[in-house]
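As structure tokens, the structure follows; a few thoughts come after it.
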Amino acid sequence: MAAVYGDGDASFQAAGAQAGIKRLVDHFYDHMERAPAAAAIRGMHPENLEVSRDKLYCFLCGWLGGEKLFAPKYGPIMIPRAHAHLEIGEPERDAWLLCMEKAVAEQPYAEDFKAYLLREIFVPAERCRVFSQRRIEAEQAE
Ligand code: HEM
């Protein structure tokens, strides 16, 4: 029986394991550097994206069911909390997702995995928006 994405390391393997995820992240940040719609979120990042690329790569390896590379190298992380200091509304969330959509489209992944991955990654992206908005509202209420 074919593996179900989300079970064990099925998603990690479908994404081409470490080399495939590295390529995905590189394409993702290349789009963020080029896409006019992503200019605002590019501007929130450090000038040099090398560490950002490595962090997203390490995070996604574990998130997709592969080796958990992020915590040993960078410490524990909770994605929405790590973004709460940023100003993320729907436009910023959608710009991030657009870069991911463009990057995923370029990968040699199975079509059903591409659709699955984009559906799944919407969830943490939306949680980043919600955390960011809650932080902004709490500050305004002070
Ligand atoms: C919702 C739209 C998102 C925006 C606008 C966004 C933007 C950013 C920015 C600007 C940084 C650098 C923060 C800094 O240096 O202070 C960052 C870091 C990071 N982002 Fe996102 N992000 C988004 C969603 C996501 C999602 C969905 C994931 C994972 C699936 C993710 C994973 C990461 C990781 C692992 C880091 C490094 C965190 C750290 O430095 O500890 N991001 N993001």
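Summary of computed values
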| read-out | value |
| --- | --- |
| Taking the chain and dividing mean pair separation by its residue count, relative contact order in percent (alpha carbons under 8 Å, at least six apart) | 30 percent |
| Exceeding the 20 Å Cα-Cα cut-off - candidates Lys68/Lys102; Lys68/Lys114; Lys22/Lys68; Lys22/Lys73 | Lys68/Lys102; Lys68/Lys114 |
| Loop-located GluC sites (Glu not before Pro) in the stretch 73-130, at most 15 other Cβ atoms within 10 Å (DSSP) | Glu87, Glu106 |
| Full-extension gain in nm, Glu120 to His85, via 0.36 nm per residue minus C-alpha separation | 10.3 nm |
| Point-charge dipole on Cβ atoms (K/R +1, D/E -1) for the chain, about Cα centre, debye to 20 | 220 debye |
| Computed log₁₀ I(q)/I(0) - Debye formula, equal Cα scatterers, no solvent, the stretch 10-141, q 0.13, 0.14, 0.22 Å⁻¹ | -0.54, -0.63, -1.53 |
| Loop sites in the stretch 1-69: GluC sites (Glu not before Pro), DSSP, at most 10 other Cβ within 10 Å | Glu47 |
| Probe 1.4 Å, accessible area per residue of the chain, Å² | 57 Å² |
| Segment Ala110-Ala40, length gained on full extension (0.36 nm per residue, minus Cα span) | 22.1 nm |
| Label-point gap, in nm, between Asp94 and Ser52 - each point 7 angstrom along Cα→Cβ | 2.1 nm |
| MRE, 222 nm, helices only [DSSP H, n ≥ 4, -39500 (n - 2.57), over the chain, to nearest 500] | -22000 deg cm²/dmol |
| Within the accessible area of the chain (1.4 Å probe), percent carbon and sulfur | 55 percent |
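The values are calculated or read from the model by the stated rules, or taken from the named source; none is laboratory data. Here the structure is a predicted model, which means the values were calculated and not measured. Because the Cβ atoms are built from the backbone with ideal geometry, glycine has one as well, and the counts that use them run over all protein chains shown. Each accessible area value is taken on the protein alone, full model and side chains, heavy atoms only, with ligands, DNA and RNA left out. Shrake-Rupley method; radii C 1.70, N 1.55, O 1.52, S 1.80 Å.
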